[in-house]
Amino acid sequence: MAKMTMVQAINMALKQEMAKDDRVIVLGEDVGVDGGVFRVTDGLHEQFGEERTLDTPLAETGIVGMSIGMAIYGLRPVCEIQFSGFSYQNFHQIENHASRMRWRSQGRFTVPMVLRTPYSGGVRALEHHSESREAFWAHMPGLKMVIPSGPRNARALMISAIRDPDPVIFYESKALYRAFREEVPEAEETFPIGTSQIVREGGDVTLVAYGAMLRPTLEAAETLKQKDGIEAEIIDLLTIAPLDDALFTASVKKTGHAAVIHEAPLSFGPGAEIVARMMEKAFYYLEKPIARITGYDVIIPLFSREKSYLPDTDRIVRTVRKTLRTPMMA
Amino acid sequence: MPRKKIKLNSPVDSLSILDLNGKVDPKLEPPLADDLLLNLYRAMVLGRRFDERQLSLQRQGRIGTFPPITGQEAAHLGAVAALRASDWMVPSFRETAAELWRGRKMENIIIYNNGYGEGAVIEPERNDLPWSIPVGSQILHAAGLAWAIKYRQKDDVAMTFFGDGATSEGDFHEGMNMAAVFQIPAIFVCQNNQWAISIPRAKQTRAKTLAQKAVAYEMPGIQVDGNDILAVYVAAQEAVTRARNGDGPTFIECVTYRMMMHTTADDPKRYRTDEEVAYWQKRDPLSRFEKYLTAKKLLDKTAIEQIEADVQTEIQQSVDAAEAKMKTLGDPMDMFDHAYADMPPNLVAQKKMLAQDLAERAKEAPHG
């Protein structure tokens, strides 16, 4: 087993699937010779040639629209949109076609494509380079929306996404790309899309997080344990849609308290859906209102103010303390 | 450091073979088999009469809104006539005669236009995509299919259809550019029917022709008389040969006219004159082709009457079949079908909710 970054782990997944299956085609801007601006596709061009690591013209709609046609033909395109901030130029291709070709064609045509794109803040980037808009994609019937939280699950989820018979939006946190290394086994690992994971067990409060927010949530749980004696149970969603609500509803039935953490804006964010599911499925077990620790409903500020926008360990700790202290309504 | 004119490649031809009276230019007449000519004629008549029948069904409330094709039969039929079954047709939504030619069942078109998704079914032997309603968005799917065809080293082609309005969309330009850059077997057929709902062709672009847009992509482009099925066929045949030989994409502008409304929900009298419609009436593709075939002694009055009668029978059978079929369709529970390969838990739960809602409604409904 080698210790690798998330960039290296996703790269490994792509290499392994491309070697195994000649239907897998990587395409996008700068993904070939340059190996991608984050180097996620590094070395693919040398190993698999120009045809399977396609450097495309600078046209996001074109990349996604072509991927749809390739997938209908029976290929397994993995396209890269260089930054998620540029993926709105191809939004209509996903909403109007990728997500509904199976339905429209009565099951004759399917679109087994993966759209990889870096999202999230915290890397001192330019405007349009820091947003978290997973809710857009999670809201679309027919689509799957995946966000890994580290190298090992990113590698496993990427392999599962490529093999998935339906279109998958695969968000990669820029903040996580090189944040830490993890053991990633050379032997193939997959992870079922639509399945969340308990990453820390505890009986006092349920914390639901994903992507780049998992690490500050884990740190917050340590602090709460050390300083307050609070044991948090943490669910890493991994898939945003279709949402696995089994683990977090079971957890909140046990703890009676919950908070959801994401960097996407508060209103209509994934937290709203998660809280609604808890209300529907665990209402009588809830002891306190559920907290949402999220970005604000503003454009994510440029990096001088970004720290105050993004949920961090401190905000999570303070909010969980307040949640647990909130008196019950008379 | 001189300043001089840059000589561009890709000159744009204009092609017309039949004149307004159906008289053929013998130098340009393609050597098409009599059978093919008669089949094309029958398919044009079928497209026209089916349009008329659907309009009457729509006015009677027996189907929903639909986009008529009258006047454009030659433009799309002539193009797909150059394809073979294994080629791909990527339609927009105004290519009914071509879809029927490619094997789509008339009854399914009626079923679809009456709000049943089942009518969009594509039989396994047809390599055609379903309708794409967002204008121009399907053009890129043809580019993707063509890329895959080349990757798999097949000599099939992908032919896509769109209107003059679509040439203003970004997807059109991205598709043309991708196809030219990758030299893939894609054929772009523009049915320039002069109107995008109420916006005339002159307000879509300052360009003198739509065909010249190919020049910017270093792609062969040709403007044809889209109401002349021979000209459309010849241009499509050239494009197909080029694509099959690995020589890349082609753009074909078929100059035609939408004789009817954009869809049955539209009233063209609000934005265009009767004089303009009359001008195009004189250029009707069906009567021109009929005159050509009559002069060629392939058709006479009796033969035409027979074809008209046969076509009406076929349409009536399809209407009957569609109406019988629709009686078996419409179970609301089917709305959850074909969402994903495997139904995720949220849909399983929601399907149960719908079943419960339907059961409760049935219980509460007054009996008798």
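The values are calculated or read from the model by the stated rules, or taken from the named source; none is laboratory data. All figures in this text were calculated on a predicted structure; none of them were measured in a lab. Note that we place each Cβ from the backbone using ideal geometry, even for glycine, and neighbour counts take in every protein chain shown. Surface areas here come from the heavy atoms of the whole protein model, side chains and all, with no ligands, DNA or RNA. Shrake-Rupley method; radii C 1.70, N 1.55, O 1.52, S 1.80 Å.
Working note: Cα atoms of chain A, range along each principal axis, descending, whole Å: 66, 43, 39. In a DSSP loop and with at most 12 other Cβ atoms within 10 Å, the GluC sites (Glu not before Pro) in segment A:65-169 are A:Glu127. Probing with 1.4 Å while keeping every protein chain in the model, the per residue accessible area of segment A:197-325 equals 44 Å².
Note on segment B:195-238 and segment A:271-294: Cα centroid distance 58 Å, given to the nearest whole angstrom. Within straight-line reach of A:Lys281, meaning a Cα separation under 30 Å, sit the following lysines at least 8 residues removed in sequence or on another chain: A:Lys144, A:Lys225, A:Lys253, A:Lys254, A:Lys322, B:Lys351, B:Lys352, B:Lys363.
Compared with the dominant principal axis of the Cα atoms in chain B, helix B:170-182 is inclined by about 60°. Of the three principal axes defined by the Cα atoms of segment B:259-368, the extents in descending order read 66, 40, 37 Å. At a Förster radius of 45 Å, what calculated FRET efficiency corresponds to the Cβ-Cβ distance of B:Ile304 and A:Lys20, to the nearest 0.05? With a Förster radius of 45 Å, E is 0.15. Mean residue ellipticity, 222 nm, helices only, the protein assembly as shown: the sum of -39500 (n - 2.57) across DSSP H runs of n ≥ 4, divided by residue count and rounded to 500, is -12000 deg cm²/dmol. Atom-type composition of the exposed protein surface of chain B places 53 percent of the accessible area on carbon and sulfur (1.4 angstrom probe). Excluding ligands, DNA and RNA and using a 1.4 Å probe, chains A and B jointly bury around 3500 Å² of accessible surface, summed across both partners. Each residue, A:Arg325 and B:Glu118, gets one label point 7 Å from its Cα in the Cβ direction; the gap between the two is 6.3 nm. The GNM of chain A, with springs linking C-alpha atoms under 10 angstrom apart, assigns the highest mean-square fluctuation among A:Lys144, A:Lys20, A:Lys174 to A:Lys20.
Protein heavy-atom accessible surface, 1.4 Å probe, per residue over segment A:2-184: 30 Å². Here the scattering of the protein assembly as shown is modelled by Debye summation over its C-alpha atoms, one equal scatterer each and no solvent; at q = 0.07, 0.08 Å⁻¹ the log10 of I(q)/I(0) is -0.56, -0.71.
Counting Cβ atoms of other protein chains within 10 Å of each residue's Cβ and taking the mean over peptide A:53-64 gives 5. Could you tell me how far the Cα centroid of segment B:125-149 sits from the Cα centroid of segment A:113-175, in Å? Using only Cα atoms, the two centres lie 26 Å from each other.
Farthest toward the positive end of the dipole of segment B:162-232, out of B:Met176, B:Pro220, B:Ile197, is the Cα of B:Ile197, where the dipole comes from beta carbon charges about the Cα centre.
Rounded to the nearest 20, the Cβ-based charge dipole of segment A:197-325 about its Cα centre (Lys and Arg +1, Asp and Glu -1) stands at 380 debye. Accessible area per residue for chain B is 46 Å², calculated with a 1.4 Å probe on protein heavy atoms, without ligands, DNA or RNA. Ordering of B:194-202, B:212-220, A:59-67 by packing is A:59-67, B:212-220, B:194-202, highest average first (other Cβ atoms within 10 Å, averaged per residue). Normalised size of segment A:197-325, defined as Cα radius of gyration per 2.2 N^0.38 Å with N residues, equals 0.98.
Taking Cα atoms only, the orientation of helix A:270-282 departs from the longest principal axis of chain A by about 50 degrees.
Among the residues of segment A:71-95, which ones have their accessible area go down by 20 Å² or more when all the protein chains sit together, as opposed to their chain alone (1.4 Å probe)? Residues shielded by partner chains are A:Ile72, A:Tyr73, A:Leu75, A:His92, A:Gln93. Grouping the Cα pair distances of segment B:230-301 into 10 Å bins from zero gives a pair-distance distribution of 15, 29, 29, 23, 4 percent in increasing distance order. Using the Cβ-Cβ distance between B:Met333 and B:Ala216 with R0 = 45 Å, the FRET efficiency computed as 1/(1 + (r/R0)^6) comes to roughly 0.35. Hey, got a sec? Which chymotrypsin sites (Phe, Trp or Tyr not before Pro) in segment A:263-292 land in a DSSP loop and have at most 14 other Cβ atoms within 10 Å? Passing sites in segment A:263-292 are A:Phe268.
The alpha-carbon of A:Lys3 sits under 25 angstrom from the alpha-carbons of these lysines, leaving out residues fewer than 8 places away in its chain: A:Lys15, A:Lys20, A:Lys174. Farthest toward the positive end of the dipole of the protein assembly as shown, out of B:Leu46, B:Gln72, A:His139, is the Cα of A:His139, where the dipole comes from beta carbon charges about the Cα centre.
Axis angle, to the nearest 10 degrees, between helix A:151-163 and the longest C-alpha principal axis of chain A: 50 degrees.
With a simple spin-label model that places each label point 7 Å from the Cα along the Cα-to-Cβ direction, the separation between A:Lys227 and B:Asp320 comes to 8.2 nm.
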